[in-house]
Amino acid sequence: MKELTIEEMYRYAQYVHKAGMQRNTIKSPEMAFCVIAYGQEVGVSPMAAINGITFKGVIPTIDGDLLLALVRKSGELDFIDETLDEKTKVARCYVRRKGCPGEPRCSEFSWDDAVKAGLTGKDNWKKFPNRMLRYRALG
């Protein structure tokens, strides 16, 4: 993928913003520019960045689907398994990097964790709680 110049990134950001193609956390061409620049830093195209990077406050953050795609693309992933216990509302993600022996590493995130972090009142947490739990465990 050809790297864009600063001018090309900003022009792209202006077009995306004017077309209304960006996510609701991207409120200006300048924010779209930051997302595109961040995407270029991690090796994704401008549209992949616009669709897979969002703002958490003022910090651009890679969303779960793009994060997983980048990990898979790296070629360093040996094993991944994601689980969600519907009863206890605990999401777990088991991963192992290539060349690392032993059991996969487990990361988990629960509904109780989301409550403690003040996340459950947010729009996506209301609409897609299981997906949000999965993303937090994956992250």
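The values are calculated or read from the model by the stated rules, or taken from the named source; none is laboratory data. All values derive from a computational prediction rather than experimental measurement. A quick note on method: Cβ atoms are made from the backbone with ideal geometry, for glycine too, and the neighbour counts reach across all protein chains shown. To get the accessible areas, we keep the full protein, side chains included, count just its heavy atoms, and leave off ligands, DNA and RNA. Shrake-Rupley method; radii C 1.70, N 1.55, O 1.52, S 1.80 Å.
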Review point. How far is helix 29-42 tilted off the main Cα axis of the chain, in degrees rounded to 10, range 0 to 90?
Key: 60
Exercise for review: Mind listing the long-range amide H neighbours of ILE53? Cut-off is under 5 Å, sequence gap 5 or more, other chains count too, H placed in the peptide plane at 1.01 Å from N.
Suggested key: ASP63
Check your understanding: Expressed as an acute angle from 0 to 90° and rounded to the nearest 10, what is the orientation of the C-alpha long axis of helix 129-138 relative to the principal long axis of the chain?
Key -> 90
Check your understanding: Taking the chain as a Gaussian network, Cα atoms linked when under 10 Å apart, which of ALA69, ALA91, ALA117 shows the biggest mean-square fluctuation?
Key -> ALA117
Exercise for review: Filter the cross-link list LYS89/LYS127; LYS56/LYS98; LYS2/LYS27; LYS56/LYS122; LYS27/LYS56; LYS89/LYS122 down to pairs whose alpha-carbon distance in this structure exceeds 19 Å.
Suggested key: LYS56/LYS98; LYS2/LYS27
Point to revise | Positive minus negative residues near GLY102 (Lys, Arg vs Asp, Glu; Cβ under 14 Å) | key: +2
Point to revise | Dipole in debye (nearest 20) - the range 22-139, about Cα centre, beta carbon charges: Lys, Arg +1; Asp, Glu -1 | key: 200
Point to revise | Net charge of neighbours whose Cβ lies under 12 Å from the Cβ of THR25, counting Lys and Arg as +1 and Asp and Glu as -1 | key: +2
Review point. How large is the accessible surface per residue of the range 49-123, computed with a 1.4 Å probe and reported in Å² as a whole number?
Key: 64
Check your understanding: What percentage of the solvent-accessible surface of the range 93-139, computed with a 1.4 Å probe over protein heavy atoms, is contributed by carbon and sulfur atoms?
Key -> 48
Study note, to complete from the structure: At R0 = 41 Å the Cβ-Cβ FRET efficiency linking CYS100 and GLN14, nearest 0.05, sits at 0.40
Point to revise | Positive dipole terminus of the range 3-114, leading residue within PRO46, LEU68, HIS17 (C-beta point charges) | key: HIS17
Check your understanding: Which of MET31, GLY139, TRP125 sits closest to the plus end of the dipole of the chain, meaning its Cα is farthest towards the positive end, when Lys and Arg get +1 and Asp and Glu get -1 on the C-beta?
Key -> TRP125
Practice item. Run the quick spin-label model on ILE59 and ASP112: label points 7 Å from Cα toward the beta carbon, then report their separation in nm to one decimal. Key: 2.5
Exercise for review: Quick one: Debye curve from the alpha-carbon atoms of the range 31-110 only, equal weights, vacuum; give me log10 I(q)/I(0) at q = 0.19, 0.20, 0.23 Å⁻¹ to two decimals.
Suggested key: -0.90, -0.94, -1.02
Revision key, fill the gap. Excluding ligands, DNA and RNA, the carbon-plus-sulfur percentage of the accessible area of the range 10-76 with a 1.4 Å probe reads 60
Check your understanding: Classify the chain: rounded, prolate or oblate, from the alpha-carbon gyration tensor (a ≥ b ≥ c, eigenvalue square roots; a/c under 1.5 rounded; otherwise prolate if a/b is larger than b/c)?
Key -> oblate
Check your understanding: Given springs between every Cα pair under 10 Å in a Gaussian network model of the chain, which of VAL44, VAL58, VAL16 has the largest fluctuation?
Key -> VAL58
